[in-house]
1. Would you check which residues across the range 296-328 are assigned to a strand (DSSP E or B), in contact with a Ser or Thr (Cβ under 8 Å, 6 or more places away or on another chain) and modelled with pLDDT under 85 and list them?
2. Which members of the range 173-194 meet the condition of being crowded, with 20+ Cβ neighbours inside 10 Å and under 23 Å from the mean Cα position of the chain (by Cα)?
3. Of the residues in the range 603-638, how many are charged (D, E, K, R), open to solvent by 40 Å² or more (accessible area, probe 1.4 Å) and either in contact with a strand residue (DSSP E or B) (Cβ under 7 Å, 6 or more places away or on another chain) or within 30 Å of F661 (Cβ to Cβ) (or both)?
4. Has the range 639-648 got any residue that is at pLDDT 95 or above and either under 20 Å from S189 (Cβ atoms) or crowded, with 21+ Cβ neighbours inside 10 Å (or both)?
5. Quick one: count up the residues across the range 209-242 that are over 21 Å from L140 (Cβ atoms), in a strand (DSSP E or B) and open to solvent by less than 40 Å² (accessible area, probe 1.4 Å).
6. Would the range 279-295 turn up any residue that is under 29 Å from R333 (Cβ atoms), of a type outside the set (D, E) and outside any strand (DSSP E or B)?
7. Quick test for you: out of F253, F272, F257, pick the one residue that is among the aromatic types (F, W, Y), open to solvent by less than 20 Å² (accessible area, probe 1.4 Å) and closer than 25 Å to S365 by Cα.
8. Closer than 30 Å to N224 by Cβ and free of Cβ contacts under 8 Å to residues at least 40 places away in the same chain: does that describe S117?
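The values are calculated or read from the model by the stated rules, or taken from the named source; none is laboratory data. It should be emphasised that the depicted structure is a prediction, and the values quoted were computed from it without experimental measurement. Every residue, glycine among them, receives a Cβ derived from its backbone with ideal geometry; neighbour counts consider all protein chains shown. Surface accessibility is based on the protein's heavy atoms, side chains included, excluding ligands, DNA and RNA. Shrake-Rupley method; radii C 1.70, N 1.55, O 1.52, S 1.80 Å.
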Amino acid sequence: MKTKVVTGLLLASAMVGVARADDTRALMLDDEPEIVISAPRSSRVVEAPPVQQELVQPPREILHTGRPVTVISSEEIERSGARQVLEVLRDVPGIRVTQFGSFGGRTSVSSRGAETSNNLVLLDGVKVNAPGGDYNWNALPTDNIDRIEIVRGPAAFALGGDGSSAVIQIFTKRGQGPPRYTLAAEAGSFSTFSEDVSGLGTTGPANWSFSLSQLNTEGHLPINNDYGRAAASGRIDLPVSDRTDVQVTLNHFSDKFEVATDVGGDLLPPFFLDPDGAVRVTSTAMGARVEREMRDNWTVGLSLENFLGTSFNRDPRDSPADATPFFSEQETRRQSAELRSDHEWRGWKIGVGGEFEREEVHGVSVSGAAPTTTHFGRLNSAGYISLAGEIRENLSLSAGVRLDENTRLHREWSAGGGLQYLYPRTRTTLRLSGGQGFKYPTIAQVASQTATFLPNQNLKAEHELSGEFGIDQPFWNDRWQASVTGFWAHSKDMIGNVRVPGTTVSTPMNLSRVERVGAEATLSLKITPRWKISGNYTYLETEVKDAGPVSSNAFLVGDAVTRRPKHTGNATLAYNGERLRGEINVNAVGKSIDRDFSNNPVSFRLYVPGYAKVDASLEYDMTENLTLTAAGNNILDKDYQENYGFSNPPANWRGGVKWNF
């Protein structure tokens, strides 16, 4: 009831707002500045756009040279109507997003068929992955986001472990100019209500931005399917002197998901919806950075970061079908410090740095037996060197190497590089890159014991070697943009669970080898100054080369990896007028192999049919400071499953207002 009252007050205040405000509407396509070169819904693969370089980050050329990079601007995010970052990532070539059922269900983000834990996720430069790589995507809203950058391919040589397959960086907005504020509220299907207040600007020497938001929904299942999220974000950029800059960021998220489905999902026997299962997760990421320009060609930066995450799971026994009650509580802490020095010498950018990181996990769990506790910590230190520059006119090179030393694991080397050539006559760009990366085991795999799981402290890191070649070509005075990339990746030492003979207990081991090959193609066309159409297609082949002594059929030699469709694609039609903006988006996913977990431990393999889902969004400026919004997901009411046995939401709609002042 409280949420509905707050929503009503915000709607009423926005409708009566008449004060003149700075126009914060999205730019018209024909008024776009030169630096905005990513296409609607990030379907273009481009060189690094000349946007603001963040403090104490590797020069953008290090990661971007020779690699397909997707940059999604705040204008694109706003026009899409997406409320969560995971919705935006669905449209990125090579990225596969799957969610277990309703809003708030566990979400996996896979890059080119790799495991979801192989993505390094940085929020304002702060690593927010759980130890070992997993991340709670549901809690990350699109509020206060300036841009999202996705680099596919290994980047551990520049940013460390867990980035063996991709790096996803989210940057919050940098305030500038007179202070301006936004109040927004929406209401929609499944008793969904959301509210948001945000602001940004300059006060004295400080540039600042902030946002506060919450969302609540009852979900599409009849019982125990509520989801709620609260988020707070803030950033301050302060030039201390002509040569010294300071940046402080804080991002806090909290969400609660009532879990109505057990392992097999709501569409499989015994068709029992759990009335009491729930998951609550919180995370706080803080960063402080100082960058000093020592000389005209020499910059030194210091970064201090702190991450705190908590999770709480509850699933009491509710019926004979719910055989095993479960309870767990866990706290994760990470502190890190990095010192980096960047030099420019004869056109080359050379980076040298060191990093120290400390991770701790403390937890307790109960699963039909006596409580088990987890107390585990590890220290990681690293050193790296990287360079980027032009070998000759129009031919660029980037390369890097990094050494990580971990107190609990083996020493790990990472290396990578890229070449990029621009043929000036046709403005054709040729790209070539490759590298090797690694991912440490999760804390659960090495330290968390339960009644049915035995950890293995002798695990080593998973490893990946990959390469790619691509071509980017503009046509028709840049109104057409086309790109094709072919890629190959080999993963080894992949961790899987093995059943201990004669028991119901499983333990993790370095077992499997998997090869992945595929191609990504993107096309963007600016039809008129106001209309754009864009699309992308990804072809993916996965093959298990070695399954190890696995007691189930999670991996079968010669077979494809589960939940990795061969064919995925996306198409977007966008309109960006003076007062009206909107887009229609189609996501198409081919059939894929999955498993029927309701038959555990056999877990039969089967095919999940493909599907096409259509979403739409619309914004209309009533006045300079009042905007009406509307959005629909799955507007054709497609009955589909992203994961076998778990129903996804039917057609759902929402509408609201934004008041800028």
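1. F326
2. Correct list: K173, S194.
3. Selection size over the range 603-638: 3.
4. no
5. 1
6. No, the range 279-295 has no match at all.
7. F253
8. no
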